[in-house]
1. How many of the residues in region B:218-269 are of a type in the set (D, E, K, R), farther than 17 Å from residue B:196 by Cβ and out of contact with any Lys or Arg (no Cβ under 8 Å at 6 or more places or on another chain)?
2. I'm trying to understand the selection: among the residues of region A:1-60, which are part of a strand (DSSP E or B) and under 20 Å from residue A:178 (Cα atoms)?
3. Against the definition (more than 11 Å from chain A (Cβ to nearest Cβ), outside any helix (DSSP H, G or I) and among the basic types (Lys, Arg)), how does residue B:306 come out, yes or no?
4. Please verify whether residue A:97 is in a helix (DSSP H, G or I), among the basic types (Lys, Arg) and buried (at least 21 other Cβ atoms within 10 Å of the Cβ), treating the condition exactly as stated.
5. Residues in region B:117-146 that are more than 24 Å from the chain's Cα centre (by Cα) and in contact (Cβ under 8 Å) with a residue 60 or more places away in the chain: how many?
6. Do you know which of the residues in region B:119-150 that are more than 8 Å from chain A (Cβ to nearest Cβ) and crowded, with 20+ Cβ neighbours inside 10 Å is nearest to residue B:88 (Cα to Cα)?
7. Examine region B:66-87 for a residue that is under 28 Å from residue B:242 (Cβ atoms) and without any contact (Cβ under 8 Å) to a residue 40 or more places away in the chain, and state whether such a residue exists.
8. Just wondering, is there one or more residues in region B:79-91 that are part of a loop (DSSP other than H, G, I, E, B), in contact with a Cys (Cβ under 8 Å, 6 or more places away or on another chain), facing chain A (nearest Cβ under 9 Å) and within 20 Å of residue B:61 (Cβ to Cβ)?
Protein chains: 2
Amino acid sequence: MSYQGLIQTYKSYLPVNEKTPLLTLKEGNTPLIRAENLSEELGLDLYFKYEGLNPTGSFKDRGMVMAVAKAIEEGSRTIMCASTGNTSAAAAAYAARAGLNCIVLIPNNNIALGKLAQAMIYGAKVIAIEGNFDRALEIVREITAKHPITLVNSVNPYRIEGQKTAAFEVVDQLGKAPDVLAIPVGNAGNISAYWKGFKEYHEAGKASSLPKMVGFEAEGAMAIVKGEPILEPETIATAIRIGNPASWKTAVAAAEESGGQINYVTDDEILTAYRMIASREGVFAEPASAASVAGVLKLKREGYFKGGESVVCVLTGNGLKDPNVALKTVNADPLIVPDTEAAVMEAIGKLEEAGV
Amino acid sequence: MSYQGLIQTYKSYLPVNEKTPLLTLKEGNTPLIRAENLSEELGLDLYFKYEGLNPTGSFKDRGMVMAVAKAIEEGSRTIMCASTGNTSAAAAAYAARAGLNCIVLIPNNNIALGKLAQAMIYGAKVIAIEGNFDRALEIVREITAKHPITLVNSVNPYRIEGQKTAAFEVVDQLGKAPDVLAIPVGNAGNISAYWKGFKEYHEAGKASSLPKMVGFEAEGAMAIVKGEPILEPETIATAIRIGNPASWKTAVAAAEESGGQINYVTDDEILTAYRMIASREGVFAEPASAASVAGVLKLKREGYFKGGESVVCVLTGNGLKDPNVALKTVNADPLIVPDTEAAVMEAIGKLEEAGV
């Protein structure tokens, strides 16, 4: 039987009734890729849950399909969010699919059109306000409280419901829950969702154990690690550049209940992992995604592992989402040589010597 | 059972023996998405085979995993191709995965680093020659003929073998062969591969019928339609900007044997379809991918369909591969308004009136 999408596949675990439309872009069903080279090097049984292969290129599709399906069920004709990145792309895609309007509110400072182009091509209506992101979110909450417009930012409770299905898939694909689940932490909704998913699958008898949940913030945005909001969060991993995580408490609970931890990694560690995932395993993920792998490398250095543990690193988004970081990261000046076989062979030899 | 990748899944149909490594990045298994809105509008049962959700973002992964697996089997340590786009990304990713070297040769005119960044982050060694693309391919052929380096451009016969698995998936997902398979035509390898795949599955009793194969070149690169090579092909759909298709004869044979056709679409038609796929169905594909949908729209206008036919449009690559076209396509100046609820509501009203 062909894959029918996330809501159909996991409906018995989701807030779905006979009125909920089976909306789908065939989100989910993303690959669990064994990191063959890094597993050997680290003495672990290491996997990537590659969420970049969701329809809009990030894990946000899982929560958004559920949120938009419920919006339709409730008779809404318009959805709205404050977002400059993956959330707006997911919202816009499902709104297009469902024939709803999608309004995206952004701060007018520092508009990166590249990040917004995806939402706009799906047909989202983008409005910039003379204010910051927090103010944009406030206005979205005010408007959606008063008008028949559905809020689809992460405070929408259906987002977490959809996102928890990624934990189901990990268990289904691995045949068990992993020993450790490593995940980037920004707004902290995803670690909360995975933990909810693992617990529900465990209670349903689908997994006999639960993983330790280890989450990694970026150093410049490590609110949970520091125990206080960061007023001006800064990291190259823009998807987790969040100073006051919405799901702070549930993330801490996930780490504590599971015997895991919330830790942090530096931008340098993130970029090293980002290159390593691509050049050693052939997987191209968003910089923020690499925080999970950077975190596992850090734990390995600190003697966290006995050896042989099964570890799943969540790669939350597709590297194609952020081509500028890729461009800055690679040595972008190719050798230029005459158009002869000899010149090209000489160049190959030079590159091999240089270890480029 | 969890999906084990293309070679494992379809090995009985592939040139695989006990020495062939089961190399995989979990390529294939891409979604078949029913175009709910366009189906209704066109009176067809229309689907997208969304190949943009392959690991490197295009259908090239299917052929490349097979070509690289065979290179490993034959003892090769280095693969090489001439490419500035999707082929180089796929080659570099599988080389990284397999621990091989990957050399990418490009012409030094008009180097679009954005397109190359993906190959470079996977670790490919890029060399630019003082010559054009044809000369780069010639040098690759010369070098790979003399040295223990494997050519992975489309003349590598294993590429077509891997690519044909997409036809198997279409049949497995749809439960039958579609009435019509619509596909962009550039180098013409993919239409040839699909036709091979449909025929083999039909012979194996997996499908009781065969589709009509309808292929679409871009007007500025319509060598097959014109019956002669195009010296300076030009189209916004860079992935099919090819003036002398390598698989010309097999593509024509696929169209003729199946009762289909090779036709063409204009850049305007491609861009219209590109926006329509995103804004009506929530699927973001490369501009070249939209040639298949543009072609179906053209055939519909010309009265080709009786109505109700099942039609699968192959969307060959991910829209995130070419963010610049998206940026140029959308109205990229968001409305800027004061940070009040009233101002935002007024802006929403204006956008709705303007039908943006």
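1. 7
2. A:32, A:33, A:34, A:45, A:46, A:47, A:48, A:49, A:50
3. yes
4. It is true that residue A:97 is in a helix (DSSP H, G or I), among the basic types (Lys, Arg) and buried (at least 21 other Cβ atoms within 10 Å of the Cβ).
5. Qualifying residue count, region B:117-146: 2.
6. B:119
7. So far as region B:66-87 goes, no, none of its residues is under 28 Å from residue B:242 (Cβ atoms) and without any contact (Cβ under 8 Å) to a residue 40 or more places away in the chain.
8. No: zero hits.
The values are calculated or read from the model by the stated rules, or taken from the named source; none is laboratory data. What you see is a predicted model; the values in this text were computed from it and never measured. Cβ: placed from backbone, ideal geometry, glycine included. Neighbour counts: every protein chain shown.
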